[in-house]
Amino acid sequence: MSAAIEVRDLRFRYGEGTEALRGVSFSIAEGECVGLIGPNGAGKSTLLLHLNGLLPESLKGESSVFVDGTPVTADTLHEVRRKVGLLFQDANDQLFCPTVFEDVAFGPQQLGLSEAAIRERVTQALARAGIPGFEARAPHHLSVGEKRRVCLAGVLACEPSILVLDEPSSSLDPRGRRELKELLRQIPITKLIATHDLELVVELCSRVIVLDEGSVVAQGPTVELLSDEDLMLRHNLEKPHALRHLHPH
Ligand code: ADP
């Protein structure tokens, strides 16, 4: 069986700028929940954009990214985007309609579903995102946490088989973070979560990939890696509180 996500020696440079990804390789099995961690500028967001074919320069030539065994190319974009749901870091990039209903319905509408099926998907997605009955609300009047849930509902409404999240818990208060973790735990599909929230990684992810300066510098079981104080310090990360009592060696 093909991996849900496979990345082979992925390299990427923005224009004439620095090389954001310098030969990244990893694979994620179906149903796994994997954390992607690393300091600012490590290349996490650039990597996630590749999983949805969002950097046109990378769609030319041979692909280094495979989703369920399908190479991500200009020809497969439609299929890949149906499978991979990407939640952006900034909700304002993803919300642009006057009502929550319209925002969440946008994806299913692109799939060409009937009006009734779209309504059903929106109702279910709002419930799964923990904001049932929010259809008529105005997204720009919602709190940061509620906006993020609307975005999550929009992604879930397309029924992806892989969920890719960029900093899902940033700017949430402790209760918002707790609730988000619960929601994510209850979504039983393959997940890749880029985050600085290492407590979230400990609670949700069985495995982590550490990225620094565009390279994978470590990958392995969460507790083993995150309790390795030297590794964490070398890459400007911090051993999570929940693992303070553990010593790896
Ligand atoms: P992270 O998500 O880990 O913070 P990014 O993927 O955002 O890292 O950035 C990786 C590198 O690519 C950084 O050096 C950053 O400055 C550069 N970069 C990111 N986006 C752009 C862009 N649109 N144009 C040029 N350089 C960029």
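Where a number appears in this text, it was derived from the coordinates with a stated rule and is not lab data. Values in this document were obtained by computation on a predicted structure and should not be read as measured data. Neighbour counts run over all protein chains shown; Cβ positions are idealised from the backbone, glycine included.
What FRET efficiency do you get for residue 109 and residue 143 if R0 is 22 Å and r is their Cβ-Cβ distance, rounded to the nearest 0.05?
My answer for the efficiency is 0.25.
Looking at the chain only, what percent of DSSP beta bridges run antiparallel? Nearest 5 please.
Roughly 50 percent of the beta bridges in the chain run antiparallel, per DSSP.
Mind putting a number on the dipole of the stretch 165-249 about its Cα centre? Charges go on the C-beta only, +1 for Lys and Arg and -1 for Asp and Glu, and I need it in Debye to the nearest 20.
About 320 debye.
Rg to Rh ratio, the chain, alpha-carbon atoms and Kirkwood radius?
Radius of gyration relative to Kirkwood radius: 0.97.
If the only charges are +1 at each Lys and Arg Cβ and -1 at each Asp and Glu Cβ, what is the size of the charge dipole of the chain around the Cα centre, to the nearest 20 debye?
It comes to approximately 380 debye.
Report, to the nearest 10°, how far helix 144-156 tilts away from the longest principal axis of the Cα atoms in the chain, using its own Cα long axis and a range of 0 to 90°.
Once rounded, one gets 80 degrees.
Just need the relative contact order of the stretch 165-249 here, percent rounded to a whole number, with Cα pairs under 8 Å and 6+ apart.
22 percent
So which of 147/239; 60/181; 83/181; 147/191 end up more than 25 Å apart, counting from Cα to Cα?
147/239; 60/181
So how far apart, in nm, are the two label points at residue 206 and residue 116 if each is 7 Å from Cα heading toward Cβ?
4.0 nm
What does the charge dipole of the stretch 109-156 about its Cα centre add up to, to the nearest 20 debye, if the Cβ of each Lys and Arg holds +1 and the Cβ of each Asp and Glu holds -1?
Value, rounded to 20: 180 debye.
Given the options 20, 211, 91, identify the residue whose Cα lies farthest towards the positive end of the charge dipole of the chain (+1 on Cβ of Lys, Arg; -1 on Cβ of Asp, Glu).
91
So what's the angle, to the nearest 10 degrees on a 0 to 90 scale, between helix 100-110 and the longest Cα principal axis of the chain?
Once rounded, one gets 80 degrees.
Quick one: compute the contact order of the stretch 1-52, relative version, from alpha carbon pairs under 8 angstrom and 6+ residues apart, as a percent.
Once divided by the residue count of the stretch 1-52, the mean separation gives 32 percent.
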